[in-house]
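Here's the structure we're looking at; comments come further down.
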Amino acid sequence: METLMNEIYDNITKLPFNQRKKIISLIDTKGQEQQTSVRNWLVAPDYYKCDRQAWIDTELSLAYPSDDNLVSYILLSYAFVLSRYSGTHNFSMRGLLSDQDVTVAVNLPTDVRSEDALTATPTNLGGQLPLYVNHSYLYETEGNGGASNFGFLYNTTEYIDGCDAALVMTEFDGNLEVTASFNPHVYDEALIVFMMDKVNACISAFIAGQSVDDILVLGPKGKELDRLHAFSFGNSLPLKEASIIPRILSNIELGKERPCITHPDVTLSNEDLYAKVRQFTLKLEELGIGRGDRVCLYAQRSPDAVAAIIAILSLGATYVPVDIKSPVSLLAYIVKDSNSKLIITSVIEWTTEFSIPTLQMEGVESPSAQHDVKLSCLDYRKSDLAYIIYTSGTTGSPKGVKISHGSLANFVAGISKDYQITSEDTVLQFSSLAFDVSVFDIFCSLFNGSKLAMIPDDHKADPQKLAEFICHQGVTIAEIPPVLLEYLKKHLSRLTSLRLLSLGGEKFSNKFTLEFTRAGIEVVNGYGPTEATVAVTTYRCRDNNEVNPSIGRPLPNVRTFILDENHDLVPLGMPGLLFVAGPSLSEGYINLDKVTEDSFVCLVLPWGETIRAYNTGDICRFRSDGNLDIYGRSDRQVSINGHRVELLQIENTASSMSVIEQCSAIHEKGALYLFYTTNKDKHIAPELLFSLLKDELPYYMIPSKVIHQDEIPLTLSGKVDESKLRRKIKSASQSSGSQGGSAMMSSVEKIVHQAIPTFDGGPGDDFLNSGGDSLAIIKIVSDIKKTTGIELTSYQVYSNPNVSSLVTLIEKNGYQSTEVVRNELVRFLNELWLIKSRPSKKPKERLVFFHCAGGSPYDAKPWEKDLEAHVEVYLVHLPAHGNRKGEPPLNSIDEMAEILAQELVSFADLPLSFIGHSMGGLLAYETARKLSLQGVDVRNLMVVASRSPNLEPDIKISDEADDKAFLTKLFSFGQPTERSNIAELTQFIGCLRADATASENYYLEPNNALTSDLHIFFGKDDPFTTTQHLDEWSKYTQGAVNQYLFESGHFVIEECTDRFSQIVRNIIGTDN
């Protein structure tokens, strides 16, 4: 066992830091009692770039007369403010006392009162600093795995590793001076200053013996209040008309033969659509439909349905869409609740009789010649209802949301300006008519004279067909569910007409948008509840490091506020409830006056304004630039054994792992469940994901079960269908319960129930979430040994906290779990693009090696061992090379560099150097160039026996059709003695050809894009690297250029290893 664990540890040390951190818990033998159970997400940074040298001090400096309680007041105040900013009561923070590291656990109640918070008997923090604070509020703990990136310093100027902001306390002339230092790449100075102001207010309250009042201490004031006031406004956009319908009728009347709506069955010109609108208008008038009436639309998406909507609105009536896939019982409910007078439908035969008439779309006849007259426009009022959309809540009956013509006009005008929609655009019509995204599709296209392209239903779920439709129709603007991004990007080459991709309705990872933005497509994250007319904020997704895109800033005329539960403004950067105001706001819910009163409230704002606003129920915060981050729903907060748990935090943690595509956390009967899907190319077993989550989440947030799915079920509106997931939970529980008949299962169940009396789950449920702790685990281990004779470790029980898994461990003598972990680790290692070959305890520089064509990442082994201990070495691990031989090779330098640049962008916290041999030299240069575009500089670029990017190779071998001739030419470059012969290399011909194609087809004109120092290594007998190549290389950097001549051929590194490693040592040593 020890040999196996050592082997796993050896593999782990080769992982890059972020991957090593996530996987280390699989083999960590610490018991549960040694694990820290506190973690937080304090003021999530806009993006993360670690750079200690960039730390700065705030100009704000506070000074207090020293007394015994002062440090206690300061740390308690600091913890209180961080608690409110993070939205959590439980977390930990690291500290540095002179030269001693400490970790302080924070566990604050909702209300902090002086008399409860302070004690007369101190505990010594770090054995040296008296702390007069209630031990349950602040206490020293071991380990820092759950610590926030906010720390504190006492009488020291050192930095805390892993922190990005720190409260600094310094004794000076009988006073205690307090300031703050922070990393400006992560936090805005104004935000830190605002937080420090609140810390000061809190300290003052404690010194005065007062209770800490949230409003008094945290309420925004001065410049902070001014910024919140400015952030709450969208741009001003005057609206000339009360309704958009007159302009739409004018557009389609004057558009004549210009294409207006395309559909697989028919293409309508403006003239055709105008005729159809007139046709429906006359029929509706004939049926007595007029101003103020309501008409249900229960129909497929079609040009006729669009014509019917415009006709309804032109008469001053209100349309009430119901999805054609909805059951007839729902239609009956909506008809009655909305008091509709007519149903327009594409259904031919009904199985239900309605009390109101129905109008078949196909039965509407064309108007006769005497009816060929111009449609008249009403004198609309802004308060006239345009449509009522029913939202299908998870509980209770659907609610009808009333949207007026004024609200519709404000939205269409605002989003049209934001998206710059013109008559030259073609807008994709994707959504069901019963969901408000269709309001964007239909009205924005008709309002701006654009073409509307209605995609067939059978194309919507097929990315290839969707891409072909976009290409064929010349779609320029498309609103689609984010879930399609990962699949649609595979057909990116077909999306040449697309200029703007609008997303919304569901959170998504920024990593899915990168390929679209890099292809020149503007990707917009739109946010908005139905109650505020489709969308209220937008955000342009960026090619940066942020995990989840912001939801942006308000659209024109829209107002946004972040408030607490008492409807008071929260400080800048603090999470709270998002309220929306402005002319896009709904009139409320039909027939639900009390619900309307609770949701649409009157706000009295601190700058003297009173305004009607809608409580979205979403938890958001303002970034320092005014953009909004969204954390999740306030009603998705659940309680687990007294702990507040946000389900979104579990989902975000799982989503941060690159192999996870989608996930959804469900709270059911006191237990947590996580459903997830993975990328098709990769897979992660539930056992491994479960173990990774244990390292990322507090124990009370770890799911009882992690369940892999082929897909996450969605509702008709594209949101996660939680009801289906709950049915899966119930089914799985029943299935696992039926398997519990063995004697061993009964024995283990009895042992677990005796150890954890509060556990009432089945064999597959997590018993640690029902009050299990380290003592319970020890008792389970002991009782299992007494009963079965098998000795499990505490960690094995901790890693397998359900009865079924324990039985499996016992039956296989406790070794199966470790073998599963080992196999998963091996697979994980084999998929890495970067291998940490030489870890360093205190690295000062990182060196990345790019191997030659046909080479291996391990070609660096002979020389890297001679480098200084402070140099951390990473090896590039390309597909089809090294341990990745089973993967298809890549034949493009640009494509490989794009991926490597994304892997390496987080390496900017230390000086970075590259070495590339032959093809690896070109790949190293292109990767460095792409990193420079992201603000990451490579200090030293060392190219070995590599042609200049602007010179064609003298000998090309990639086009050689015969394999033997190809390999013969390949060997003309030279051959180190350890290289394989031609017969042995034949099995790797695909990889070798791909490398040759990548190397020979890469071309780039000189551009001086880099500032790196360039070091060129070449052999005097290398026929492929001439003096001309050396001279041309100097045109690719603004830094110094050095040349090194070797008595060798093409394989400089292998033939002159000692001299080569000595030069590399000198180059890196010079920079430290």
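The values are calculated or read from the model by the stated rules, or taken from the named source; none is laboratory data. Just so we're clear, the structure is a prediction, and the values are computed from it rather than from any experiment. We place every Cβ from the backbone using ideal geometry, glycine too, and count neighbours over all the protein chains shown.
Looking at residue 434, is it among the aliphatic types (A, V, I, L, M) and assigned to a loop (DSSP other than H, G, I, E, B)? Let's see the steps before the verdict.
Working: among the aliphatic types (A, V, I, L, M): yes; assigned to a loop (DSSP other than H, G, I, E, B): yes.
It is true that residue 434 is among the aliphatic types (A, V, I, L, M) and assigned to a loop (DSSP other than H, G, I, E, B).
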* Qualifying residue in the stretch 508-522 (condition: under 15 Å from residue 662 (Cβ atoms), outside the structural domain of residue 720 (by TED's automatic domain parsing) and among the aliphatic types (A, V, I, L, M)) -> no
* Residues 619, 551, 630: which one is touching a Leu at 6+ places or on another chain (Cβ under 6 Å), among the β-branched types (Val, Ile, Thr) and in contact (Cβ under 8 Å) with a residue 60 or more places away in the chain? -> 551
* **Lone qualifier among 330, 297 - being touching a helix residue (DSSP H, G or I) at 6+ places or on another chain (Cβ under 9 Å), in contact (Cβ under 8 Å) with a residue 12 or more places away in the chain and either among the aliphatic types (A, V, I, L, M) or in the same structural domain as residue 377 (by TED's automatic domain parsing) (or both)** => 297
* To do: Kindly provide the set of residues from the stretch 551-571 that are within 22 Å of residue 526 (Cα to Cα) and either in a loop (DSSP other than H, G, I, E, B) or not aliphatic (A, V, I, L, M) (or both), ordered by number.
  => 551, 552, 553, 554, 555, 556, 557, 558, 559, 560, 561
* Is it true that residue 88 is within 29 Å of residue 194 (Cβ to Cβ), β-branched (Val, Ile, Thr) and without any contact (Cβ under 8 Å) to a residue 24 or more places away in the chain? -> no
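For (1) modelled with pLDDT under 90; (2) under 18 Å from residue 913 (Cβ atoms), each residue gets a yes or a no:
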{"residue": "840", "(1), (2)": "yes, yes"}
{"residue": "843", "(1), (2)": "yes, yes"}
{"residue": "851", "(1), (2)": "no, yes"}
{"residue": "857", "(1), (2)": "yes, yes"}
{"residue": "867", "(1), (2)": "yes, yes"}
{"residue": "872", "(1), (2)": "yes, yes"}
{"residue": "883", "(1), (2)": "yes, no"}
{"residue": "886", "(1), (2)": "yes, no"}
{"residue": "896", "(1), (2)": "no, no"}
* Enumerate the pairs (first residue in the stretch 935-949 and under 12 Å from residue 1053 (Cβ atoms); second residue anywhere and of a type in the set (Val, Ile, Thr) and modelled with pLDDT of 95 or more) with beta-carbon separation below 7 Å, excluding pairs fewer than 6 apart on the same chain, so at least 6 apart or on different chains. => 942/915; 944/915
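Quick grid of which residues meet (1) at pLDDT 80 or above; (2) surrounded by 16 or more Cβ atoms within 10 Å (Cβ to Cβ); (3) over 28 Å from residue 488 (Cα atoms); (4) of a type in the set (A, V, I, L, M):
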site: 639; (1), (2), (3), (4): no, no, yes, no
site: 646; (1), (2), (3), (4): no, yes, yes, no
site: 665; (1), (2), (3), (4): yes, yes, no, yes
site: 677; (1), (2), (3), (4): yes, yes, no, no
site: 690; (1), (2), (3), (4): yes, yes, yes, no
site: 697; (1), (2), (3), (4): no, yes, yes, yes
site: 722; (1), (2), (3), (4): yes, yes, no, no
site: 738; (1), (2), (3), (4): no, no, yes, no
site: 741; (1), (2), (3), (4): no, no, yes, no
* To do: Report yes if some residue within the stretch 1022-1034 is within 19 Å of residue 850 (Cα to Cα) and modelled with pLDDT of 90 or more; otherwise report no.
  => yes
* To do: Report yes if some residue within the stretch 207-217 is of a type in the set (Asp, Glu), buried (at least 16 other Cβ atoms within 10 Å of the Cβ) and assigned to a loop (DSSP other than H, G, I, E, B); otherwise report no.
  => no
* Structure fact -> Residue hits (the stretch 414-431; in contact with a Gly (Cβ under 9 Å, 6 or more places away or on another chain) and part of a strand (DSSP E or B)) are 426
* Might you check whether a residue that is touching a strand residue (DSSP E or B) at 6+ places or on another chain (Cβ under 9 Å), within 29 Å of residue 1068 (Cβ to Cβ) and either of a type in the set (Asp, Glu) or assigned by TED's automatic domain parsing to the domain that holds residue 1014 (or both) occurs anywhere in the stretch 947-960? => no
* Tally the residues that are more than 24 Å from residue 382 (Cβ to Cβ), surrounded by fewer than 16 Cβ atoms within 10 Å (Cβ to Cβ) and not basic (Lys, Arg), restricting the search to the stretch 225-258. => 4
* Going by the structure shown, is residue 612 over 17 Å from residue 525 (Cα atoms) and at pLDDT 85 or above? -> yes
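Condition check ((1) buried (at least 19 other Cβ atoms within 10 Å of the Cβ); (2) within 30 Å of the chain's Cα centre (by Cα)) across all residues:
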position: 557; (1), (2): yes, yes
position: 560; (1), (2): yes, yes
position: 563; (1), (2): no, yes
position: 569; (1), (2): yes, yes
position: 572; (1), (2): yes, yes
position: 577; (1), (2): no, yes
position: 606; (1), (2): no, no
* Structure fact -> Per the list (1) modelled with pLDDT of 75 or more; (2) surrounded by fewer than 20 Cβ atoms within 10 Å (Cβ to Cβ); (3) under 30 Å from residue 632 (Cβ atoms), residue check on residue 767 breaks on (2)
* Structure fact -> residue 136 meets each of (1) without any contact (Cβ under 8 Å) to a residue 40 or more places away in the chain; (2) surrounded by fewer than 18 Cβ atoms within 10 Å (Cβ to Cβ); (3) within 33 Å of the chain's Cα centre (by Cα) with one exception, condition (3)
* To do: Please go through the stretch 1006-1058 and pick out each residue that is assigned to a loop (DSSP other than H, G, I, E, B) and either closer than 19 Å to residue 927 by Cα or small (Gly, Ala, Ser) (or both).
  => 1006, 1007, 1008, 1009, 1011, 1012, 1038, 1039, 1040, 1048, 1049
* To do: Looking for whichever is crowded, with 22+ Cβ neighbours inside 10 Å, in a helix (DSSP H, G or I), touching a strand residue (DSSP E or B) at 6+ places or on another chain (Cβ under 8 Å) and aromatic (Phe, Trp, Tyr) here; the options are 443, 411, 469. Which one fits?
  => 469
* Asked: Consider residue 49 against the criteria (1) surrounded by 17 or more Cβ atoms within 10 Å (Cβ to Cβ); (2) in a helix (DSSP H, G or I); (3) at pLDDT below 80: it satisfies all of them except one. Which criterion is unmet?
  -> (2)
* How many residues are in contact with a Lys or Arg (Cβ under 8 Å, 6 or more places away or on another chain) and either in a helix (DSSP H, G or I) or hydroxyl-bearing (Ser, Thr, Tyr) (or both) if we restrict to the stretch 172-193? -> 1
* Structure fact -> Subset of the stretch 303-355, residues within 18 Å of residue 590 (Cβ to Cβ) and among the β-branched types (Val, Ile, Thr), comes to 312, 318, 320, 322, 334, 335, 343
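Tell me whether the stretch 354-367 contains one or more residues that are of a type outside the set (Val, Ile, Thr), outside any helix (DSSP H, G or I) and closer than 20 Å to residue 401 by Cβ. Quick ask: steps written out before the conclusion?
If we filter the stretch 354-367 for residues that are of a type outside the set (Val, Ile, Thr), which is where we start, we get 354-355, 357, 359-363, 365-367.
Pick out the ones that are also outside any helix (DSSP H, G or I) and you get 354-355, 357, 359-360, 365-367.
Next, from what is left, pick out any that are closer than 20 Å to residue 401 by Cβ: none.
Looking through the stretch 354-367, none of the residues is of a type outside the set (Val, Ile, Thr), outside any helix (DSSP H, G or I) and closer than 20 Å to residue 401 by Cβ.
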